Structures are given as structure tokens and as C-alpha cells.
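Student: First the structure, which I've put down as C-alpha cells, then a few questions once you've had a look.
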């Protein structure tokens, strides 16, 4: 079992505290939804875990200090799908996905047949096999999002960090990608995903981490985290609740007024 542990993690940007006193213990085999309003510090916290931003406190993966790892070792252990998914070069979808394999290669080593197979597998999983030879610049925003997710999955890392991976997708592909992330977690990985859709978060996430103003508000099962009190306190909303096929869902219903 892989365990990601954060102890007193903080991030300051421009002299301003964005994340403060963050303490979490997340285990593999789960999809953990990182939720909260805009500006809550979700992306900043994820970038700190990925090693993109300098942080205070301790971030450990099992017994390894994440901030002390070399770039290549960290890239093998933690795959990061950023919120900013911008394509500037006319690489094919297959070439984009193959960018997930260099952490496993020696310097100047060419991809092996196993690397090719890993890429083919994720392109099938993300429904991008038919577009494998198309330029990323020719694709829609949703197709580009799935291509970049293919790169993140191709790393086959024990920890996958995904910042709003379904934001640009249509409903059908949102469901497919969340099911894919759930399947990846069930294979033994830890998936930490930033989401705004509370219904999908409730359905697909084993645990939720609720942030507000850079601080941890709640961590646990959706039924506990998405209480009426938390939703009113953090989002200022009321929700409608229901069940479908034994799954519980919540739908934002109205914004509270002062």
C-alpha cells in the first residue's frame, strides 16, 4: 500500500499564504476528490505535492521525502496532469501520450515495445485510439484534454494527480474518465483529483478533501464532508439529495443570500 502523508504543509506565493497547516494521510486504492470554491488553494496544494511549487512542512510518499527526490524519480512516482492543458507544437496524440514514458527510460534510450504497448493501452482507455495519429492542434478542447490525460496515465505512477481532468469534456466522456480514474485507483494507485461537480465527486470518489481559504475544512466520506453545514459554510449553497441505482448524489440547488 502506498501512503501519501502531508504534515503542516504550507505554500506562500508573493508573500501571501495560499495553503496553511495542511495535514492529510491518503492511501492507495482510492480516488480522493479535492474540492472547494475558487481560490480555496486546491491547485496550489496539488502543485506542491507534485513538486512544482516550493512548500513548507513535510510531504512524504511512504518513507520518501517528496521534495528531496530527483526530478526523474519523482516523475516515476507521481504523475501530474495540470489544469493548464495548452498545446503549442503539432505533436500527434500518440506522441503526446508517449511523453509519459521518459521517466522510465535511460538518457537517450528509445521507447521499447513495452512502452509502445503502455501507450496503446491508455489511448484505448481514453477513447483516443482512433485519433492517435492526429495532430493535437487539430483536436477539440475535450479531445485535447483526453490526450493529455493519456500522457499522465502512461506514466503508470503509483500516484496520479489530476487537476480538473473533466472540465472540458461532454457528459458522456466525463462519466468515462471518472470511471477510468476509479479503475486506475482500484489497480492499486492513489488518484487525487480536483473537481467542481459535486454529484460526480460523490459518486466516484472514495474520500473528499474540502478546502476553503487555504485551510482544511473536512476530510472523509462524501456523506460527512458534504453536510449541509459544510456546504452552507464553504459554498453558500443548499443542495438537493437523491439516490439512483443505490448511488447517492447531490445537486446544487440554490445560492443562499445574506
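Any read-out appearing in this document is the output of simple, stated calculations on the displayed coordinates, not a laboratory observation. Quick caveat: nothing in here was measured; it's all calculated off a predicted structure. So basically every Cβ, Gly included, is an ideal-geometry build from the backbone, and we count neighbours across all protein chains shown.
Student: At R0 = 25 Å, how high is the FRET efficiency between residue 23 and residue 137 if r is their beta carbon distance? Nearest 0.05 is fine.
Tutor: Rounded to the nearest 0.05, the efficiency is 0.05.
Student: Could you give the length gained by full extension between residue 238 and residue 63, i.e. 0.36 nm per residue of separation minus their alpha carbon distance, to one decimal place?
Tutor: 58.9 nm
Student: Most mobile of 42, 244, 16 per a Gaussian network model of the chain (Cα springs, under 10 Å)?
Tutor: Between 42, 244, 16, it is 244 that shows the largest mean-square fluctuation.
Student: Moving on to the next point. Let me have the relative contact order for region 164-258, percent, based on Cα pairs under 8 Å that are six or more residues apart.
Tutor: RCO, region 164-258: 20 percent.
Student: What length, rounded to one decimal in nm, is gained on full extension from residue 221 through to residue 89, with 0.36 nm per residue of separation minus their alpha-carbon distance?
Tutor: 43.4 nm
Student: Calculated FRET efficiency, residue 168 and residue 71, Cβ-Cβ r, R0 41 Å, to nearest 0.05?
Tutor: The calculated FRET efficiency here is 0.90.
Student: Roughly what % antiparallel, to the nearest 5, for the DSSP beta bridges in the chain?
Tutor: Among the beta bridges of the chain, antiparallel pairing accounts for roughly 65 percent.
Student: So what's the angle, to the nearest 10 degrees on a 0 to 90 scale, between helix 113-125 and the longest Cα principal axis of the chain?
Tutor: Approximately 40 degrees, to the nearest ten.
Student: Given points 7 Å out from each Cα along the Cα-Cβ axis, report the residue 7 to residue 257 separation in nanometres with one decimal.
Tutor: In this crude label model, residue 7 to residue 257 measures out at 5.0 nm.
Student: Using only Cα atoms, tell me the angle between helix 171-186 and the longest principal axis of the chain; keep it within 0 to 90° and round to the nearest 10.
Tutor: 80 degrees
Student: Quick one: angle between helix 141-154 and the longest Cα principal axis of the chain, in degrees between 0 and 90, rounded to 10, please.
Tutor: 70 degrees
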